[in-house]
Each structure stands twice: as structure tokens, then as C-alpha cells.
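Worksheet: one structure, shown below.
The values are calculated or read from the model by the stated rules, or taken from the named source; none is laboratory data. None of the values given here were measured: they were computed from a predicted structure. Here the Cβ positions follow ideal geometry from the backbone for every residue, glycine too, while neighbour counts run over all protein chains shown.
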């Protein structure tokens with residue numbers, strides 16, 4: 001056995017001590033390393049990943065629901081509101097648990113009993129309607145999304161539900177905006193109306209595109225929000241809409257609401273100011289309504305038109321393109337759409353009156369579809385109102401000159417010898433010696449065919465002749481969109497481009513206004529282009545757009561779409577002829593005015609006799625045109641009797657409220 005010396009013991013103790021110190025150092029180093037990693041990790045979690053993690057935590061514990069924005073208002077030219085959102089209270093149902101059908105039906109029955117006692121009897125809701133809106137199967141909404149049961153609650157309904165919160169814990173009453181329209185029924189087809197987005201996107205192409213876009217949350221469209229479905233409401237939807245609000249609810253793991261709501265209010269949309277003048281518009285509508293009654297009951301043969309039940313009129317400022325009046329008669333009260341629901345009976349009652357016949361083809365209701373098809377639509381031939389442009393074409397193309405003479409024997413013939421087609425003047429009158437100006441004042445069909453329509457064909461042939469004719473039409477706004485941007489606007493119907501007739505026939509009949517059907521807005525733009533001596537302006541419906549504080553965001557200015565140059569003597573010739581046109585209803589009119597009447601003939605399948613539509617155009621004052629007017633009365637007979645008196649009332653209304661001298665009334 002070996003005995004350790006003191007020196008060896010001391011050496012061993014030293015080694016053990018050093019090993020201990022080394023182990024302790026390693027321990028403390030590892031501990032320091034671990035704490036350092038933990039501190040760094042905590043710092044990363046708190047300062048780098050913290051916001052994201054907090055956001056994820058909130059997503060788990062809360063659900064956000066976008067609220068429909070507050071829609072901007074629509075004003076007319078004098079500053080009156082035509083469409084605006086008013087505060088209203090809506091009843092919402094909260095899905096606090098999974099309801100069985102029998103439970104939900106019992107709740108629906110309780111809610112309906114309140115509606116029956118305190119609600120508006122004109123807006124009935126059945127037990128089944130309430131049950132469907134509750135959507136307990138979450139077929140339409142997620143579980144956490146409150147279901148809107150009813151809008152526009154009465155004061156008594158609001159008071160009852162608020163006083164009995166404990167009895168109805170699943171009910172919320174939320175203040176929202178509901179659309180209201182001027183009760184005077186100012187241009188309902190122009191202002192338009194709203195429908196829910198989930199319905200609108202099935203019918204309106206603009207919403208189909210929006211539905212496929214990725215948008216910021218505040219600009220994202222909501223399935224149940226109200227959006228423009230027609231008219232200005234649709235045309236300026238994006239400007240009027242505003243931004244979404246947000247309601248945030250705490251929810252449990254089953255997506256049921258478990259606490260109070262936090263609200264971020266929606267932002268109001270922009271306000272749209274129309275060029276339309278309420279007083280002029282209402283007087284135009286009244287003039288049409290009154291004159292239609294007179295036409296149907298008149299004892300004067302030239303005036304009587306028993307089937308005249310509808311009329312269209314547009315007043316357009318010559319220098320600005322502003323649309324001052326745009327009337328469809330009959331009209332209807334747009335407020336019928338305000339709750340988002342409309343009965344089949346109400347929809348049937350308004351019928352085609354909801355559509356804007358001044359910009360698109362609309363068939364008036366005569367009681368049945370079969371009977372409707374026996375009458376003309378809102379698109380009619382221009383008749384003799386085409387002749388001013390026909391004479392301009394003849395002068396410009398060198399087919400006639402201002403002093404050209406022609407003997408009118410009451411008709412003109414064209415076509416192969418022995419198979420000539422004959423075109424008569426109205427009432428087959430022989431008008432005698434004509435020049436271009438007198439051909440307009442006397443409205444000679446024979447002159448238009450013999451001196452312009454047929455010679456244009458003989459000079460250029462079918463293809464080139466029709467191309468030239470079409471180019472003039474479009475330069476004056478006929479057969480082309482007006483450029484206004486108004487929804488569903490028609491380009492018109494160009495019969496002169498039909499394949500089943502010769503070019504000679506097309507140009508002959510087109511020359512006196514029987515080969516193109518156009519809208520009243522196109523006719524007004526055409527009239528303004530005549531007044532502007534070939535300068536075609538864009539029809540303007542909006543003068544400016546402002547924000548909620550009244551600051552102007554966008555100011556509209558006159559916009560020239562095209563211009564065609566003619567010699568001044570050509571304009572003098574045309575206006576001289578138009579000034580000689582005889583009309584009814586302008587006795588005592590204080591201004592010299594340029595005008596043309598039209599009686600467009602139209603054959604309709606199923607009717608033996610030709611239909612006669614009254615058409616009239618005019619602008620005044622003659623020396624410095626301010627306002628252009630176009631009036632169309634389907635089946636209204638002679639333009640001088642059936643349409644001209646309406647135009648007179650329009651000029652008078654504009655002169656009274658705006659001023660035909662070009663200077664605003666004080």
C-alpha cells in the first residue's frame with residue numbers, strides 16, 4: 001500500500017479545486033448563454049414579432065364586420081337635394097348560439113308580434129320572412145355576422161326594443177343611412193335608384209368586374225350594401241359611395257359574440273351636383289303630361305292623337321352641353337325602392353316607367369306584351385327634323401348650292417325604269433318651285449330625294465354613298481353614343497345599313513328622315529350641334545363634385561367631341577329655311593328661334609295603318625343660341641301639333657328660371 005506524501009495530497013487537492021472552478025465556469029457560461037438567448041428571444045417576440053402575434057391573438061378573439069359607407073347626396077342645379085341618405089334605425093339579430101329551427105321560429109314569432117303592434121302597416125313582415133332573414137344555418141352569413149331583419153324602424157318599435165333589452169338579448173338596433181328621393185318626382189329615370197350589391201352584380205357588368213377585383217377593406221363592396229342600379233346613382237357610384245366602417249365583436253371559439261361592439265364609423269361619399277334644374281324639369285314633365293291629355297281628347301283633326309300616352313323631352317345648353325331637363329312621361333316615385341324590397345304588384349305597376357326612354361329603347365305599357373308590340377318604342381325615326389342636316393350634306397358634297405331651284409310636283413321617283421319607287425310629300429301636296437331654304441320651310445320630301453339622296457347614290461354608289469352619309473350622321477351625334485356616359489345608352493337603329501335593301505333606296509329614304517331611329521338625347525345633341533354650326537359637345541349631367549365640407553373635388557367643363565366645318569352661307573341657307581317653319585304653341589314667344597318639325601312614319605307588324613310620331617327640334621335665341629330642345633311623342637301625329645307646344649313650355653321655363661339671353665336671372 002502506497003502512502004501519499006503531504007506534497008502529493010496538496011497537488012491532488014489543487015487539481016480538484018481547478019476542476020471545480022472549471023466546471024463552475026462552464027456552468028455559469030452556459031447559464032449566461034441560455035439567459036442571453038432567452039432575453040434575445042423575448043426581445044424578438046416583444047419588439048419584432050409582437051405586433052403580428054397580437055394581431056393574430058385579436059383575430060382569434062375578435063371578428064370584424066365592415067359597415068356600408070354613408071352615401072353622398074345628389075343635388076340639382078339650384079342646390080336642392082334630389083337624393084340623399086337619412087338616418088334610420090335597423091333591427092339586427094345576433095347569433096349567440098346554435099339555434100334549432102323551432103327556437104328560431106319562436107323568436108321570429110316574438111319579433112313579428114312587435115312589428116304588428118308598433119310597426120308600419122304598409123311594410124308588413126311575416127314570421128317566415130323574419131325567419132329567413134335570421135339565417136340560422138349560416139347559408140348567407142358567418143355565425144358572427146349579425147343579420148339585418150328590418151330597416152326603417154318606427155319610433156314605437158325602437159322604443160319597445162330598447163325598453164325590453166333583457167327580453168330580446170339577441171337583438172341590436174343600429175343607426176344606418178337609408179336613401180330618400182325628392183317627393184316631387186324630379187327626373188326619377190335620370191337620378192336612378194339603388195339595389196343591394198348581391199343583386200346588382202348579377203345584372204350590371206361594372207359590378208361583375210368589381211367583384212373580381214382585390215380592394216382595400218374600406219373600399220371593398222359588401223354583399224348587403226345598397227349600390228346604384230340605374231341613372232346617376234349608377235353612373236357616379238364610385239364617387240357617391242364613400243368608405244366602409246368597421247364593427248368589431250369579441251367572439252368565443254364557436255364564433256359567437258360574447259361582448260360589446262367597438263365601432264369605427266364609415267366615411268361619407270362625395271356629393272354630385274347635377275346640371276339638371278328642378279323647376280325647369282318639373283315644368284317640362286308637367287307640359288308633357290298636360291299635352292298628352294290634350295292630344296288624346298282634341299277635336300282638331302291635325303292635333304288629335306288617341307294613342308299618345310308617352311312623351312320624351314331634353315333641353316341642352318348650346319355652349320356648355322349641360323342637360324337642363326330630361327323628361328320621361330309617365331314617370332314614378334323612386335322612393336318605392338328605398339327599403340330594398342319591392343312587391344311584385346308594385347313592380348308590375350311601375351312597369352317600363354322605371355326605364356329612361358330618352359337614352360334607350362323603351363316600350364310603353366298598353367296592358368299586355370302583345371298590345372305593347374303594336375305601338376312604337378321610344379326610338380323613332382326623325383322624320384323631317386333630319387332635313388336640315390340633309391341640306392347641309394347636299395351643299396357640302398356639291399350636290400346643290402344655295403340658289404339651286406327645283407319644281408316640286410308632290411313626289412319623287414327613283415330606281416330602275418318601269419319599276420320606280422315613288423316618295424310623296426305629306427298629304428301628297430305639290431309644293432311648286434323650291435330652293436334649299438324653302439325645301440326646309442315647306443318640308444319637301446321630293447326635294448330631299450331628287451336633289452340629295454338619289455344624287456348621293458348616283459355619285460358615289462352604295463358602299464361609298466352610305467359611308468359618307470353615315471360619317472355625317474355620326475359627326476352630328478346620330479348613330480353613335482353621345483359621349484355622356486349615361487348607363488345603358490343606345491346608339492340608335494341604323495336602318496339605312498340594312499342588307500335587304502338597295503343603297504339607292506337607303507339613301508333616298510334616309511334623306512327625309514325615314515332610315516334612322518334615335519334617342520331623344522341624341523336628337524338634342526344633334527340640335528345643339530346645328531346651333532353650334534358643326535361643333536358637337538358632350539352632354540353633361542354633372543357640373544361638379546364636392547366633398548362633405550363643400551370643397552370642390554372636380555369641376556366639369558364643356559367638352560367638344562368633334563367638329564365639322566361648313567361655309568357660313570350654308571348655315572345661313574339652312575337657318576333661313578328653319579326660321580320659316582310653321583309651328584303651334586309659339587304665339588307671343590319673345591325670341592327669334594330656329595326650328596324644324598317632323599312627322600315620322602313607321603310601319604308596325606300587326607297594324608294596317610302607318611303610325612305617325614311627332615318630333616320637334618329648336619334652338620333659341622337664333623342670333624346667339626343658348627338652349628337647344630328636342631321633343632318626341634310616339635304616335636303623337638304631326639310634330640307641329642304633337643311636340644312643338646311642349647318645347648314652348650320648356651323654353652319659357654328656362655327663360656323664367658335661368659334666362660334665354662345667356663345671362664342668369666337675378
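Number of residues in segment 507-542 that are touching a helix residue (DSSP H, G or I) at 6+ places or on another chain (Cβ under 7 Å) and part of a loop (DSSP other than H, G, I, E, B) equals 7.
Can you pull out every residue in segment 552-583 that is closer than 30 Å to residue 288 by Cα and out of contact with any strand residue (DSSP E or B) (no Cβ under 9 Å at 6 or more places or on another chain)? 576, 580, listed by residue number. Restricting attention to segment 534-555, the residues that are surrounded by 15 or more Cβ atoms within 10 Å (Cβ to Cβ) and touching a residue at least 40 places away in the same chain (Cβ under 8 Å) add up to 12. Residues satisfying the criterion are present in segment 122-135 (criterion: loosely packed, with under 15 Cβ neighbours inside 10 Å, touching a residue at least 40 places away in the same chain (Cβ under 8 Å) and either outside the structural domain of residue 261 (by TED's automatic domain parsing) or in a loop (DSSP other than H, G, I, E, B) (or both)). Residues in segment 175-189: is at least one surrounded by fewer than 16 Cβ atoms within 10 Å (Cβ to Cβ), in the same structural domain as residue 150 (by TED's automatic domain parsing) and part of a strand (DSSP E or B)? Yes, some residue in segment 175-189 is surrounded by fewer than 16 Cβ atoms within 10 Å (Cβ to Cβ), in the same structural domain as residue 150 (by TED's automatic domain parsing) and part of a strand (DSSP E or B).
The residues on offer are 267, 262, and the sole one that is modelled with pLDDT under 95, closer than 30 Å to residue 219 by Cα and surrounded by 14 or more Cβ atoms within 10 Å (Cβ to Cβ) is 267. Of the candidates 302, 308, the single residue that is part of a loop (DSSP other than H, G, I, E, B), more than 23 Å from residue 619 (Cβ to Cβ), touching a residue at least 12 places away in the same chain (Cβ under 8 Å) and touching a strand residue (DSSP E or B) at 6+ places or on another chain (Cβ under 6 Å) is 308. Considering the conditions (1) in a helix (DSSP H, G or I); (2) farther than 21 Å from residue 492 by Cα; (3) free of Cβ contacts under 8 Å to residues at least 12 places away in the same chain, residue 471 is excluded by exactly one of them, (2).
Is there a residue being assigned by TED's automatic domain parsing to the domain that holds residue 146, touching a residue at least 24 places away in the same chain (Cβ under 8 Å), part of a strand (DSSP E or B) and under 16 Å from residue 268 (Cβ atoms) anywhere in segment 88-107? Scanning segment 88-107, I find at least one residue that is assigned by TED's automatic domain parsing to the domain that holds residue 146, touching a residue at least 24 places away in the same chain (Cβ under 8 Å), part of a strand (DSSP E or B) and under 16 Å from residue 268 (Cβ atoms), so the answer is yes.
Of the residues making up segment 413-431, those that are touching a helix residue (DSSP H, G or I) at 6+ places or on another chain (Cβ under 9 Å) and without any contact (Cβ under 8 Å) to a residue 60 or more places away in the chain are 413, 424, 425, 430, 431.
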